[in-house]
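Some notes on the structure that comes next.
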Amino acid sequence: MNSLEAHMLMRHSGLAYRDQATSNDWVRVVATLPLFYGLSKRRLRKLVAQAKFVEFAPGDTIVTRASPPDAVYVILGGTAKARGKFEARTLNIGEYFGDVGLLDGDPGLATVVATGELHVMRVPRGAFVRHAQPVPAITLAKRRSLASRFRRLDTQAARR
């Protein structure tokens, strides 16, 4: 475990620092986030094992509208700004981004920039699809449909 992981573990879970945090320690942190409610501890352990914990400085760009969809980013500390075609919104602890592109394979809908020191858990596309979907085939099909609708609405709004 690196110092960033140790810091985030202590800060977001109340767990005392140990040189060897276990996947169970991280599962307890991740299980509190809305995106992962309802997932079994087994799935969460597999997801956490494939995730990376990353830190960004203020002003760093995490993803752009043209970025290939390669991961879901879950905010564990700090804030970021998501800038779409028409508006920007602040993302806080527990919120996530990058998921729409994972659903349909197209680039994302917003550029996301760190507005302060930002700590995220980066879950690669394959891990997210395999472990964060209770019934992958059915759920993924529904989400692809939803992502397609979002993109159509985004395109229609741009024409106005």
So, first residue in a helix (DSSP H, G or I) in segment 31-48, second residue of a type in the set (S, T, N, Q), Cβ within less than 8 Å, six or more apart or across chains; the pairs are Lys41/Asn24; Arg45/Ser23; Arg45/Asn24; Val48/Ser23
Test set (1) among the β-branched types (Val, Ile, Thr); (2) more than 17 Å from Pro34 (Cβ to Cβ); (3) in contact (Cβ under 8 Å) with a residue 60 or more places away in the chain - Thr115 fails condition number
(3)
Identify the single condition in (1) free of Cβ contacts under 8 Å to residues at least 40 places away in the same chain; (2) in contact with a helix residue (DSSP H, G or I) (Cβ under 8 Å, 6 or more places away or on another chain) that Ala88 does not satisfy, given that it satisfies every other one.
(2)
Subset tally (residues that are under 14 Å from the mean Cα position of the chain (by Cα) and in a loop (DSSP other than H, G, I, E, B)) for segment 104-115
2
Give segment 57-104 a look and list any residue that's of a type in the set (Phe, Trp, Tyr) and more than 16 Å from Val123 (Cβ to Cβ), or say none.
Phe86
Exclusive hit being of a type in the set (A, V, I, L, M, F, W, C) and over 19 Å from Glu117 (Cβ atoms), set Leu76, Leu91, Leu44:
Leu44
Give me the residue from segment 22-75 that is within 16 Å of the chain's Cα centre (by Cα) and small (Gly, Ala, Ser) and, out of that set, farthest from Ala132 (Cα to Cα).
Ser67
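Would you mind finding the one in Ala88, Ala80, Ala51, Ala57 that is at pLDDT 90 or above and either of a type in the set (Ser, Thr, Tyr) or touching a Lys or Arg at 6+ places or on another chain (Cβ under 7 Å) (or both)? Walk me through it before giving the result.
On the way: Ala88 fails: at pLDDT 90 or above; Ala80 fails: either of a type in the set (Ser, Thr, Tyr) or touching a Lys or Arg at 6+ places or on another chain (Cβ under 7 Å) (or both); Ala57 fails: either of a type in the set (Ser, Thr, Tyr) or touching a Lys or Arg at 6+ places or on another chain (Cβ under 7 Å) (or both).
Going through Ala88, Ala80, Ala51, Ala57 in turn, the sole match is Ala51.
Could you check segment 52-103 for strands (runs of 3 or more DSSP E) lying wholly inside it with 1 or more residues that are loosely packed, with under 14 Cβ neighbours inside 10 Å?
Working: elements: 52-56, 61-63, 71-77, 80-83, 88-91.
Filter on segment 52-103 gives 52-56, 61-63, 88-91.
The values are calculated or read from the model by the stated rules, or taken from the named source; none is laboratory data. Quick caveat: nothing in here was measured; it's all calculated off a predicted structure. Virtual Cβ from ideal backbone geometry, glycine too; neighbours counted across all protein chains shown.
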